Amino acid sequence: MRIGRFHHRGEIFYGIVEGDTVLPVADPFQSLEPVSGRQFALPELDLLAPCLPTKAVCVGLNYRDHALELGMALPEEPVLFLKPSTAVIGPGEPIVYPAMSHQVDYEAELAVVIGKKARQVREEEADEYILGYTCANDVTARDLQKKDGQWTRAKSFDTFLPLGPYIVTGVDPGDREVSLYLNGERKQHSSTSQLIFPVYRLVSFISRIMTLLPGDVILTGTPAGVGPVQPGDTVEVVVSGIGRLANPVVKK
């Protein structure tokens, strides 16, 4: 099932996408039952970010190939950082290149969308707390990350968290191909089978630190091949079985 978030004539709503038809639902985190008597043609709707997280919990250095690329030892525990909700944008919305940075990088990722309040979750029950999965781009001002020695400023600019296009339910996250295309040329390509800490373990680990709320997202890490973007570029994150997320880059 594909769940989207849409705008139409001043109204914002969630809906189930079936072909070119959208069936509105009141709240996908409570029920996926369509609202009786309502449906829309997909082309007449504006597609928004598929959820509005209170926080995005991100995992650094979680692909074996990326660690090898950087010449770094594999971490013993997940390395976590946060991105603010104000960084979220949807498909097609522009990533704004901030004036105070001179190197902005793409990072293609599989994102986990939490479906219900999660606290002290066991790994074997983690799937019960996941609504589905979407594509994410953990945009990063790399020069500021190196300058600051910590990651808050570099990761938190407005527009630095594209999500979408849809939340896809009922898929196994264990072997999803994750790719990034820069102006049509593939720059990143790997599989979630390369994750050092797999999805269910991440949900459990993070839930033992902070309460995860419905709509929160977990970014599971990026593969090898991270690189810079420039104003005028288009970046596309593609996750097999999940979708394709494209965003242009513009100058502030």
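The values are calculated or read from the model by the stated rules, or taken from the named source; none is laboratory data. Bear in mind that the values here come from a model prediction, so they are computed numbers and not experimental data. Heads up, the Cβs are rebuilt from the backbone with ideal geometry, glycines too, and the neighbour counts pull from every protein chain shown. Heads up: the accessible areas ignore ligands, DNA and RNA and are worked out on the full protein's heavy atoms, side chains in. Shrake-Rupley method; radii C 1.70, N 1.55, O 1.52, S 1.80 Å.
For this structure, a couple of remarks:
- Residue match in the stretch 234-248 (condition: part of a loop (DSSP other than H, G, I, E, B), over 15 Å from the mean Cα position of the chain (by Cα) and either in contact (Cβ under 8 Å) with a residue 24 or more places away in the chain or farther than 12 Å from Asn137 by Cβ (or both)): no
- Considering residues of the stretch 25-73 that are in a strand (DSSP E or B) and free of Cβ contacts under 8 Å to residues at least 24 places away in the same chain only, the residue surrounded by the most Cβ atoms within 10 Å (Cβ to Cβ): Val25
- Test: residue in the stretch 1-24 that is within 27 Å of Phe157 (Cβ to Cβ), open to solvent by 40 Å² or more (accessible area, probe 1.4 Å) and in contact (Cβ under 8 Å) with a residue 60 or more places away in the chain: no
- For the stretch 1-45, residues that are aromatic (Phe, Trp, Tyr) and over 22 Å from the mean Cα position of the chain (by Cα) total 1.
- Qualifying residues in the stretch 223-232 (those that are touching a strand residue (DSSP E or B) at 6+ places or on another chain (Cβ under 6 Å) and over 20 Å from Val96 (Cβ atoms)) - the one surrounded by the most Cβ atoms within 10 Å (Cβ to Cβ): Pro223
- Unique residue being touching a Phe, Trp or Tyr at 6+ places or on another chain (Cβ under 9 Å) and at pLDDT below 95 when the list is Val25, Val35: Val35
- Test: residue in the stretch 102-110 that is among the polar types (S, T, N, Q), surrounded by fewer than 19 Cβ atoms within 10 Å (Cβ to Cβ) and farther than 19 Å from Gln188 by Cα: no
- The one condition in (1) open to solvent by 70 Å² or more (accessible area, probe 1.4 Å); (2) hydrophobic (A, V, I, L, M, F, W, C); (3) not in a loop (DSSP other than H, G, I, E, B) that Leu80 fails to fulfil: (1)
- Remark: pairs (first residue in the stretch 178-197, closer than 14 Å to Leu219 by Cα and in contact (Cβ under 8 Å) with a residue 40 or more places away in the chain; second residue open to solvent by 10 Å² or more (accessible area, probe 1.4 Å) and of a type in the set (Asp, Glu); Cβ separation under 7 Å; 6+ apart in sequence or on different chains) = Thr192/Asp175.
- Breaking point among (1) open to solvent by 20 Å² or more (accessible area, probe 1.4 Å); (2) under 30 Å from Ile12 (Cα atoms), for Ala99: (2)
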